[in-house]
1. I'd like to check something: does the range A:220-235 contain any residue that is farther than 20 Å from residue B:109 by Cα, more than 9 Å from chain B (Cβ to nearest Cβ), touching a helix residue (DSSP H, G or I) at 6+ places or on another chain (Cβ under 9 Å) and surrounded by fewer than 22 Cβ atoms within 10 Å (Cβ to Cβ)?
2. When you go through (1) farther than 21 Å from residue A:92 by Cα; (2) crowded, with 17+ Cβ neighbours inside 10 Å; (3) within 12 Å of another protein chain (Cβ to nearest Cβ) one by one for residue A:205, which number turns out not to apply?
3. I'm trying to understand the selection: among the residues of the range A:13-62, which are within 9 Å of chain B (Cβ to nearest Cβ), surrounded by 13 or more Cβ atoms within 10 Å (Cβ to Cβ), at pLDDT below 50 and under 18 Å from residue B:90 (Cβ atoms)?
4. One residue is enough: does the range B:21-28 have a residue meeting the conditions exposed (fewer than 12 other Cβ atoms within 10 Å of the Cβ) and free of Cβ contacts under 8 Å to residues at least 12 places away in the same chain?
5. Examine the range A:107-115 for a residue that is within 17 Å of the chain's Cα centre (by Cα) and in a helix (DSSP H, G or I), and state whether such a residue exists.
6. Among the residues of the range B:71-94 satisfying the criterion of being free of Cβ contacts under 8 Å to residues at least 12 places away in the same chain and more than 11 Å from chain A (Cβ to nearest Cβ), which is farthest from residue B:147 (Cα to Cα)?
7. Residues that are in contact with a helix residue (DSSP H, G or I) (Cβ under 8 Å, 6 or more places away or on another chain), at pLDDT 80 or above and outside any helix (DSSP H, G or I): does the range A:137-148 have at least one?
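The values are calculated or read from the model by the stated rules, or taken from the named source; none is laboratory data. The shown structure was predicted, so the numbers you read here are calculated from the model rather than taken from an experiment. Using ideal geometry, Cβ is built from the backbone for each residue, glycine included, and neighbour counts are taken over all protein chains shown.
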C-alpha cells in the first residue's frame, strides 16, 4: 500500500510541511494563479470569514457576550492602542514568554546536541524525556502557586519547562542526523572533537534546532497566556479575564486577536530567521 | 526490531531504563523523611494518590476529564480531517485559506477559556468545545499538508484512470495523508490535555484540574502532588495509546524500509516537529 514513492516520514526536518514550501515559491502545475490573484483570493477568504462571523453574531445564535461581532471587536483597537494598559499587558506577556524561551534555549540546545552526539546518552535519556515531555506543564501550576507563589518568576519557570523539551528533542534529533558515512569519515580521519562539533554536528543540526526553537517560541506565548488566565499575574491573559468579567466581551476578543497576532508574527519572524540562517543550505526545507 | 536477539533486547532495555530508575530512586531517597511542607515524601504522595483513587472521588474526576478529552478530540478529528481532505484536494482553496489558517493556529486557544466558560457555563459542553477548538488546527493543517504532499503522479494516475472520487478518497487520498494526520492528532492530544487542565482549573465543579486546584488552595500538598502526578500519567498513557493505534493503522507505513539510512530509531515521537 505504499502510495507515495518518496519517503515522507513525518519527522525528518527537511521534509517538513511540503505544502508551505510549495504554495509560495514553486508553482509548477498548470493553472496556478499569479501572485496578485492569490493575494486577492486570500483577502477575499479573510473577508468571507469576517462576514460569516458578523452574520453569526448578528443572528444571535449565542449571546453577544460569547461572540461579539467583528465590527465591535476591531472597533476596540483604536482605543486600546492609545491605552498604556494594553501595551503593559502585551509587554508583560512577552516578557515572561521571552525570558522562559531564552532560558529553555540556553539549557535545551547544548544538552540536546551533546546527548544527540553520543548514542549512549541518547538511549539513556530517551524514556525519561518521553515521559516528562508528555507532561502537561500547566498542570504544575497549583503546585508552583504553592511553592513559588504568584510571581513573574513562576510564569517564567512554567514557560521554561514547557519550552525546554521541544528544544532539547529537536537539538538531539539534529545532532543525530549526521549520516553514518560522514561520522565514519570523521572517525577515520581522527577529526578532533571540538572541530567535529563546530564544523559537522552544529551545521547539520541547525535546521532541526531552528524547528525546535520555532515550536518553542509559539509554545512560550501560549503558556504565558495560560498562566495569566489562571492566576492574577498581569498580561494579556489576565486582561481577557478582566474584560470578560466586566462584560466587555469585545475588548476580551480584541485581546485574543492581539494574542493571535503575536503568535502569527512570531511564526513569520522565526521563518524569516530560519531562511536567513540556513541560506547556505539547498532550499529543501525552508517554509 | 523483531530480528534482534533477546540479549540485545535486554541490553537496550537496560540502557533506557537505568536513568529513569535512578531518578525515581533519587527522588524517593531525597524526599524520604522530608519534613518540608511543600515537598512531602514521594511515598506519601503515592499513598495519597492510591487512597484518593480507591476511596476519594478521584476516579470520577478522572473519568470526567477523560471523557471531555475524548469527545473534544473526536470532534476535532472529524471536522479537521473532513475539512482538511476537501481543502487539500482543491488547490485554489488551499492557497486561499493558507494565511487565515496559519493565523487561526497561532491564536492561543487558552485565551478563549475565560470567554467561553464565563458565558457558556462551567459544564462539560463548553470544555469539550474548547478542547475541540484547540485540537482542530494541528489536525486540519496536517491533513491539508498530508493530502497536498501526496505524490502528484499518484494523483494524476488516479484521475487518469477516472477512479470515482469516493474510491479515490478512501484508497488514495486518505491513506496517503494518514501518517501526517496522525502526526497532527498527536500534537492535538497534548493541546487537548493542556486545555482540559486549564478549563477545569478556570471553572469546573469536577475534573482533575479542579482537584489539583482545590487541593492546592486548601494547602493539601500531598493531594496536589498526587493529582499532578495523575495528570502526568494520564498524558503519557494517552500518548502511548495513540502510538499503539497508529501502529495498528499505519503498520504498512512504518514497516517500509527508510530510503535514506538515518538514525530513525524513534521516528514516532519526533513528529512534533511537524507543526
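1. Within the range A:220-235, not a single residue is farther than 20 Å from residue B:109 by Cα, more than 9 Å from chain B (Cβ to nearest Cβ), touching a helix residue (DSSP H, G or I) at 6+ places or on another chain (Cβ under 9 Å) and surrounded by fewer than 22 Cβ atoms within 10 Å (Cβ to Cβ).
2. With respect to (1) farther than 21 Å from residue A:92 by Cα; (2) crowded, with 17+ Cβ neighbours inside 10 Å; (3) within 12 Å of another protein chain (Cβ to nearest Cβ), residue A:205 is out only on (3).
3. A:18, A:19, A:20, A:22, A:23
4. yes
5. Within the range A:107-115, one or more residues are within 17 Å of the chain's Cα centre (by Cα) and in a helix (DSSP H, G or I).
6. B:74
7. Yes: one or more hits.
Residue by residue, here is whether (1) out of contact with any helix residue (DSSP H, G or I) (no Cβ under 7 Å at 6 or more places or on another chain); (2) surrounded by fewer than 24 Cβ atoms within 10 Å (Cβ to Cβ); (3) assigned to a helix (DSSP H, G or I) holds:
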site: B:178; (1), (2), (3): no, yes, yes
site: B:187; (1), (2), (3): no, yes, yes
site: B:196; (1), (2), (3): no, no, yes
site: B:205; (1), (2), (3): yes, yes, no
site: B:212; (1), (2), (3): no, no, yes
site: B:215; (1), (2), (3): no, yes, yes
site: B:226; (1), (2), (3): no, no, yes
site: B:229; (1), (2), (3): no, yes, yes
